[in-house]
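One structure is given here, and the rest of the page talks about it.
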């Protein structure tokens, strides 16, 4: 067999969502694939690209020039964008492109080698509609093309020995000297609305500053192109003496909105300024002096004015008059109910302890009791109930039923609450109503593009469909919006490990452990048990026992370790404890199954998984990805459960 070796630029493309669409509508999927192939092939040829082969819904293409490969990639994405502008949303095409340059070997028309392997690993890092490059390609094209290229950072790629530095092409952006100023041309501008300082001596007025901060976050999140950091991640800066530059670096934002509130007599004075975090220069500032009357009307009025000023400053004057910003005015005139709601949301956002979550639930319930038409307080009730149920702390189905009632009542009162649609998506996810989950998640994102939770629900769906790389991308997007969200951090670390990116996962867990101590130790316990590193597993399980000794996860991993140490009696004691909790309504059936698996009792394990599937609580990610259950995946009975679960996941919406 003859072979030739040469330097080449390698391109991998991937049609986003093709596998999932094929499961739902095979004919539509094949039609879109044919159309995308017809669109791309002439573009490859015009830039000297040689189509090596098709890879299902993607291409492997070789170029003699790195510069031409990047030009080709940009033209492809621009052509797809033009095409998408003229078709319905159901017929949209989204493509990811990865590029690397290096040594390749050609054998009978095919090309192999490290350059091909690296390019294939870079492609999944690109966002839908995006292009990612290796540092090798970047060095060859920098200063040669009128495009903006941003550094993403170093990544450990699967089956690639050394970390690779990744860059991203800002498709549509230009680095031409005649281009607009950066504040007008950057896409996905990032803004932190910092807690407004309460300068009033009366601490009882704190709720007004907190409420106005919330209103500013809600309103600025509706500004097109601007991404606003979630309140749970900015709350930690309340009363902290950090500089704007430090805040900007920690939250990875370019701009911050800060200010103060002072109530004096029958008037309230509010100062707000928009700051460039790099230079700490004030881009825009204003003051408001209002008579104290309807506090909620004041909040709504000022938040609307600030949002319009931020939009005009950061994104420039629109080409046509913008639609009026949706009102986020408070839904209650009861100040005590509003104060209870704000306190509950703060406690729930911090998630400092189980007791704090229970207190938050009580605060939300008190707010609803004072004003039954306070829709956002009902959303708070539903969200805390689901959290407690998911953690196995209250009766699952009772909590689920009540949360469903609260959410539907909230949406009857105000269908425009993004958080209500997001929590409903979570409820549908837990009920195996996956089409409805996806619908509600997208509705929440439409109402508030800066809301992180919908990305998490979609990541759960992607992982359940076998696309763990897509799940990681969605979780990273969620983390950009809410860097301190412990649910996102917990899921992302586990997803990295499940994707085989063990070095990244360990580094991530070490970095985030102070924020997510219990769950991180749970994931480390799973990881080290999977590696049969019993000494390290012992350390992480001890931490779990110190933080939450009665958690089902603590009992499961202690049982796993005990079996490995030759002490099956401890695992059986854990099963007995969980069975008692099951009688009280806790959803612990799959935890019991995990312990049967640890004991080698496959019949009992399968029976537990069947029961979990019947109840809609199948631990899908563990069964699909966890090294602990690798042997179970070859059992025909488990394969059948997973097959039936896929049928549920791909079933059409019931709505």
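The values are calculated or read from the model by the stated rules, or taken from the named source; none is laboratory data. Remember, predicted model here, so these are calculated numbers, not experimental data. Neighbour counts are summed over all protein chains in view; Cβ atoms, including those assigned to glycine, are modelled from backbone coordinates with ideal geometry.
Would you mind stating whether residue 373 is over 19 Å from the mean Cα position of the chain (by Cα), free of Cβ contacts under 8 Å to residues at least 12 places away in the same chain and surrounded by fewer than 23 Cβ atoms within 10 Å (Cβ to Cβ)? Before the answer, list the steps.
Working: over 19 Å from the mean Cα position of the chain (by Cα): yes; free of Cβ contacts under 8 Å to residues at least 12 places away in the same chain: no; surrounded by fewer than 23 Cβ atoms within 10 Å (Cβ to Cβ): yes.
So residue 373 does not fit the description; no.
Within segment 105-115, can you find the residues that are closer than 17 Å to residue 72 by Cβ and in a strand (DSSP E or B)?
Initially, segment 105-115 is screened for residues closer than 17 Å to residue 72 by Cβ, giving 111, 115.
Once the filter is applied, which keeps residues that are closer than 17 Å to residue 72 by Cβ and in a strand (DSSP E or B), segment 105-115 yields only 111.
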Notebook entry, point to check: Of the residues 71, 96, which single one is more than 24 Å from residue 18 (Cα to Cα) and at pLDDT 85 or above?
Noted result: 71
Notebook entry, point to check: Within segment 534-546, is even one residue closer than 18 Å to residue 623 by Cα and touching a helix residue (DSSP H, G or I) at 6+ places or on another chain (Cβ under 8 Å)?
Noted result: no
Note to self: Are there helices (runs of 4 or more DSSP H) fully within segment 192-254 with at least 3 residues that are modelled with pLDDT under 80 and not assigned by TED's automatic domain parsing to the domain that holds residue 151? List them.
What the structure shows: 206-220
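Here is a yes/no grid of residues against (1) buried (at least 20 other Cβ atoms within 10 Å of the Cβ); (2) touching a helix residue (DSSP H, G or I) at 6+ places or on another chain (Cβ under 6 Å); (3) in the same structural domain as residue 553 (by TED's automatic domain parsing); (4) over 22 Å from residue 523 (Cβ atoms):
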{"site": "580", "(1), (2), (3), (4)": "no, no, yes, yes"}
{"site": "587", "(1), (2), (3), (4)": "yes, yes, yes, no"}
{"site": "592", "(1), (2), (3), (4)": "yes, yes, yes, no"}
{"site": "595", "(1), (2), (3), (4)": "yes, yes, yes, no"}
{"site": "598", "(1), (2), (3), (4)": "yes, yes, yes, no"}
{"site": "604", "(1), (2), (3), (4)": "no, yes, yes, yes"}
{"site": "607", "(1), (2), (3), (4)": "no, no, yes, yes"}
{"site": "619", "(1), (2), (3), (4)": "no, yes, yes, no"}
{"site": "630", "(1), (2), (3), (4)": "no, no, yes, no"}
Next item on the list: Examine segment 342-351 for a residue that is at pLDDT below 75, assigned to a helix (DSSP H, G or I) and out of contact with any strand residue (DSSP E or B) (no Cβ under 9 Å at 6 or more places or on another chain), and state whether such a residue exists.
Entry: yes
Item checked: Set 118, 61: member being assigned to a helix (DSSP H, G or I) and either touching a strand residue (DSSP E or B) at 6+ places or on another chain (Cβ under 6 Å) or at pLDDT 85 or above (or both) -> 118
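Only residues that are assigned to a helix (DSSP H, G or I) and either surrounded by fewer than 23 Cβ atoms within 10 Å (Cβ to Cβ) or touching a residue at least 40 places away in the same chain (Cβ under 8 Å) (or both): list them for segment 400-421, please. Before you say what the answer is, go through the steps one by one.
Within segment 400-421, the subset assigned to a helix (DSSP H, G or I) is 400-413, 418-421.
Once the filter is applied, which keeps residues that are assigned to a helix (DSSP H, G or I) and either surrounded by fewer than 23 Cβ atoms within 10 Å (Cβ to Cβ) or touching a residue at least 40 places away in the same chain (Cβ under 8 Å) (or both), segment 400-421 yields 400, 401, 402, 404, 405, 408, 409, 411, 412, 413, 419, 420.
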Margin query: I'm trying to understand the selection: among the residues of segment 485-518, which are surrounded by 24 or more Cβ atoms within 10 Å (Cβ to Cβ) and over 24 Å from residue 158 (Cβ atoms)?
Written below: 485
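From 109, 113, grab the single residue that is on the phi > 0 side of the Ramachandran plot and at pLDDT 85 or above. Show your work before the answer.
Working: 109 fails: at pLDDT 85 or above.
Testing whether each residue is on the phi > 0 side of the Ramachandran plot and at pLDDT 85 or above leaves just 113.
So that you can scan it fast, the table gives a plain yes or no per residue for (1) closer than 30 Å to residue 545 by Cα; (2) without any contact (Cβ under 8 Å) to a residue 40 or more places away in the chain:
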| site | (1), (2) |
| --- | --- |
| 456 | yes, yes |
| 469 | no, no |
| 479 | yes, yes |
| 491 | yes, yes |
| 494 | yes, no |
| 500 | yes, no |
| 513 | yes, yes |
| 518 | yes, yes |
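Residue by residue through segment 207-245, note down the ones that are farther than 17 Å from residue 348 by Cβ and surrounded by fewer than 17 Cβ atoms within 10 Å (Cβ to Cβ).
224, 225, 239, 240, 241, 242, 243, 245
Sort out which residues of segment 463-475 are within 17 Å of residue 619 (Cβ to Cβ) and either at pLDDT 90 or above or not in a loop (DSSP other than H, G, I, E, B) (or both), and write them in order of number. Write out each step before concluding.
Step one: filter segment 463-475 for residues within 17 Å of residue 619 (Cβ to Cβ), giving 463-466, 468, 471.
Answer for segment 463-475, where residues must be within 17 Å of residue 619 (Cβ to Cβ) and either at pLDDT 90 or above or not in a loop (DSSP other than H, G, I, E, B) (or both): 463, 464, 468, 471.
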Notebook entry, point to check: What tally of residues in segment 255-282 results from selecting those that are over 33 Å from the mean Cα position of the chain (by Cα) and over 21 Å from residue 215 (Cα atoms)?
Noted result: 3
Margin query: For segment 305-329, which positions are at pLDDT 75 or above and either in contact with a strand residue (DSSP E or B) (Cβ under 9 Å, 6 or more places away or on another chain) or surrounded by fewer than 18 Cβ atoms within 10 Å (Cβ to Cβ) (or both)?
Written below: 305, 306, 308, 309, 310, 311
Checklist line | Output for segment 613-641, where each listed residue is part of a helix (DSSP H, G or I) and closer than 21 Å to residue 426 by Cα | finding: 613, 614, 615, 620, 621, 622, 623, 624
Item checked: Count of residues meeting criterion [in the same structural domain as residue 11 (by TED's automatic domain parsing), touching a helix residue (DSSP H, G or I) at 6+ places or on another chain (Cβ under 8 Å) and modelled with pLDDT of 80 or more] in segment 164-190 -> 5
Next item on the list: Just one of (1) surrounded by fewer than 14 Cβ atoms within 10 Å (Cβ to Cβ); (2) more than 20 Å from residue 608 (Cβ to Cβ) trips up residue 528, so point out which.
Entry: (1)
